[in-house]
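This report refers to the structure that appears directly beneath it.
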Amino acid sequence: MSMITERPVTGDAPAAGAQGEVTRRPDVRARIRAYVALTKPRIVELLLISTVPTMMLAADGIPSLWLVGVVLVGGSLAAGAANALNCYIDRDIDQVMKRTKRRPLPTHIVAPRSALVFGLVLAAVSVTLMAVFTNWLATALTLGAIAYYDLVYTLWLKRTTWQNTFWGGICGSAPVLIGWAAVTGSLSAQAWGLFAVVFFWQLPHFYALAIKFKDDYARAGIPMLPVVASVRRVTTEIVGYTWLTVVASVLVWPLGMGPVYGVTALAAGGMFVVEAHRLSQRAARGESIKPMRLFHWSITYLTVLFAAVAVDALL
């Protein structure tokens with residue numbers, strides 16, 4: 001439920017083409033690929049990067065492998081459900097954006113009703129898994145994350161306010177809380193600290209992507225910050241939220257983390273801040289900027305930081 005781009009779907013031509021076109025119905029493999037694409041698997045991957053290390057920290061070592069499996073499967077299905085429902089809701093804007101026009105709904109490989117049913121089934125299965133095999137808190141957080149992403153962010157915030165990315169970050173940070181709650185049945189200061197790290201991280205991560213696809217969002221009438229503000233303003237906010245991300249990560253250190261985590265938070269955070277300032281300085285000088293460099297580095301940063309969380313838990 002985090003905001004990261006995914007690869008477009010490719011396959012056979014859609015069955016419903018323009019008049020005079022020779023079209024073919026997609027084969028079974030193309031349909032399977034299309035349904036997988038609805039779940040935006042690259043987003044799911046990123047969410048899981050933060051979940052397993054958090055569970056290890058909550059368990060102070062290796063948690064029950066059965067529990068890890070349940071949370072990974074349940075969390076993947078929940079994220080996939082939220083993303084599939086997002087594709088259903090956003091089908092009107094996806095067809096006018098270059099970045100999204102080859103998704104399964106704009107290309108008619110999957111019908112809107114089928115995408116809706118698919119998303120709802122995934123949601124039901126994920127919440128049921130969590131309810132049966134974890135606890136009420138982890139289950140409630142899972143259901144809440146799906147509902148928030150689709151009903152609050154996608155239906156309302158995304159289309160009405162430039163602050164959509166900020167408030168949308170709540171559901172993208174939920175996997176950290178879900179993983180912790182699944183192990184302990186509660187939420188501690190460490191859990192909320194890691195939640196804050198992921199929450200603030202999403203702003204520079206997604207603003208960099210939104211700069212790249214500014215024209216797409218403008219064409220679709222989506223008021224992302226780069227659409228309504230100057231590049232200089234956006235890069236200034238990127239710097240601010242990058243600093244908040246790093247500060248949040250360092251504040252987690254005295255909450256029971258060890259030196260491996262602390263050194264990693266400082267080193268990786270320092271590099272993250274340098275990249276953000278570099279982007280902002282180029283914008284201030286009116287030079288051509290490369291937002292995707294920061295976008296890709298942000299993913300590396302989060303991966304390295306949560307790998308340090310896992311190592312610290314083991315040590």
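Every read-out reported here was derived from the displayed coordinates using simple, explicitly stated rules and does not represent laboratory data. For clarity, every value in this text was computed on a predicted model and none was experimentally measured. With ideal geometry, Cβ positions are generated from the backbone for all residues, glycine too; neighbour counts draw on all protein chains shown.
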* To do: Would you work out which of Ala58, Thr134, Thr107 lies farthest towards the positive end of the dipole of segment 27-185, given +1 charges on the beta-carbon of Lys and Arg and -1 on that of Asp and Glu, about the Cα centre?
  => Thr107
* To do: Compute log10 of I(q)/I(0) for segment 168-229 with the Debye formula, placing one identical point scatterer on every Cα and leaving out solvent, at q = 0.17, 0.26 Å⁻¹, to two decimals.
  => -0.64, -0.98
* **Stretchable slack from Met271 to Ala218, in nm (0.36 nm times residue separation minus alpha-carbon distance)** => 15.9 nm
* Pair Leu120, Ala284: separation of 7 Å Cα→Cβ label points (nm) -> 5.3 nm
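Apply 1/(1 + (r/R0)^6) to the Cβ-Cβ distance of Thr128 and Thr160, taking R0 = 45 Å, and write down the FRET efficiency to the nearest 0.05. Can you show the working numbers first?
Details: r = 33 Å, r/R0 = 0.73.
Using R0 = 45 Å, I get an efficiency of 0.85.
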* **Taking segment 27-185 and dividing mean pair separation by its residue count, relative contact order in percent (alpha carbons under 8 Å, at least six apart)** => 32 percent
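Given the Cα atoms of segment 188-315, and with Rh set as the inverse mean 1/r over their pairs in the Kirkwood sense, what is Rg to Rh to two decimals?
Values: Rg = 15.7 Å, Rh = 15.1 Å.
Reported Rg/Rh, Kirkwood definition of Rh: 1.04.
If you scale each eigenvalue of the Cα gyration tensor by 5 and take the root, what three semi-axes come out for segment 242-315, rounded to whole angstrom and sorted largest first? Don't skip to the answer; put the middle values down first.
Details: eigenvalues 157, 28, 10 Å².
They are 28, 12, 7 Å, listed largest first.
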* Asked: What percent does the relative contact order of the chain come to when contacts are Cα pairs within less than 8 Å and at least six residues apart?
  -> 20 percent
* With a Cα-only, solvent-free Debye model of the chain, what are the log10 I(q)/I(0) values at q = 0.06, 0.08, 0.10, 0.11 Å⁻¹? -> -0.21, -0.37, -0.58, -0.70
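If you put +1 on each Lys and Arg Cβ and -1 on each Asp and Glu Cβ, how big is the dipole of the chain around its Cα centre, in Debye rounded to 20? Write down the numbers at each step before the final one.
Details: 27 positive and 16 negative charges, 224 e Å.
Dipole about the Cα centre, nearest 20: 1080 debye.
Work out the length of the dipole vector of segment 27-185 about its Cα centre, built from +1 on the beta-carbon of each Lys and Arg and -1 on the beta-carbon of each Asp and Glu, and round it to the nearest 20 debye.
On the way: 14 positive and 7 negative charges, 157 e Å.
For segment 27-185, the charge dipole is close to 760 debye.
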* To do: Starting from the Cα-Cα distance between Met292 and Val96, subtract it from 0.36 nm times their residue separation and give me the gain in nm to one decimal.
  => 68.4 nm
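Kindly give the semi-axes, whole Å and largest first, of the ellipsoid equivalent to segment 27-185, taking each as the square root of 5 times a Cα gyration tensor eigenvalue.
Numbers: eigenvalues 159, 63, 33 Å².
Ellipsoid half-lengths, sorted descending, are 28, 18, 13 Å.
Hey, what number do you get for the chain at 222 nm if only DSSP H runs of n ≥ 4 count, each worth -39500 (n - 2.57), divided across all residues, to the nearest 500?
Numbers: 13 runs with 221 residues, N = 315.
Using -39500 (n - 2.57) per qualifying helix, the result is -23500 deg cm²/dmol.
Pairs of alpha-carbon atoms within less than 8 angstrom and 6+ residues apart define the contacts here; what relative contact order does segment 121-193 have, in percent? Mind dumping the intermediate values first?
Working: 58 pairs, mean separation 25.7, N = 73.
It comes to 35 percent, rounded to a whole number.
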